[in-house]
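One structure is given below, encoded as structure tokens.
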Amino acid sequence: MEQALNKQVNREFYSAYLYLAMSAHFETANLKGFAKWMRIQAREEQSHALKIYDYILARGGKPNLLEIEAPKAKWASAGKVFEEVYAHEQKVTAMIHGLVDLAIKEKDHASFEMLQWFVKEQVEEEEHASAILAQTMCIGDVPGHLFYLDHQLGKRV
């Protein structure tokens, strides 16, 4: 279980890197609201990694920080970014479910309980990614519509 949780710490930090790369992509495209949304998302993913990291320590385990893969840095459109965000969140959900299955198999009730927070969090993550993806697909690359959505996303705190 400890090894699997350490792997998930790495995956959560990769998610933070991915969203930070997306933020940089939007910054260079002068879409500051999209960039802000992604930067906040990156911070949230870092907090997810640290939540698992702290749990490993609390259980007497040893965090093993693995190399973080570099994400890509460029996308064709805002819609393509959010296609990747949604697919990535679905992938993370599957990873969390795998950890829950392992906790059940190992009869690790404490890990099972801790992971329930992540199960619920992934429902929210997928919901937000799906909603923004639908909006970006609807508006396409129409500048006025894109800047409106940029403004809306920039309100995230």
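Bear in mind that the values in this text are calculations on the coordinates, not laboratory data. Bear in mind the structure is a predicted one, so any value in this text is a computation, not a measurement. Cβ atoms come from the backbone with ideal geometry, glycine included; neighbour counts cover every protein chain shown.
Just one of T93, T136 is over 25 Å from K7 (Cβ atoms) and among the β-branched types (V, I, T); which is it?
Sole residue among the options that is over 25 Å from K7 (Cβ atoms) and among the β-branched types (V, I, T): T136.
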The condition of being under 22 Å from K32 (Cα atoms) and not in a helix (DSSP H, G or I) holds, among A131, A76, only for A76
Given (1) in a helix (DSSP H, G or I); (2) more than 20 Å from G79 (Cβ to Cβ); (3) small (G, A, S), G60 misses just (1)
In the stretch 42-64, residues that are over 25 Å from K120 (Cα atoms) and either surrounded by 12 or more Cβ atoms within 10 Å (Cβ to Cβ) or in contact (Cβ under 8 Å) with a residue 24 or more places away in the chain (or both) total 2
Of those in the stretch 1-41 that are buried (at least 19 other Cβ atoms within 10 Å of the Cβ) and of a type in the set (F, W, Y), the residue nearest to D150 (Cα to Cα) is F34
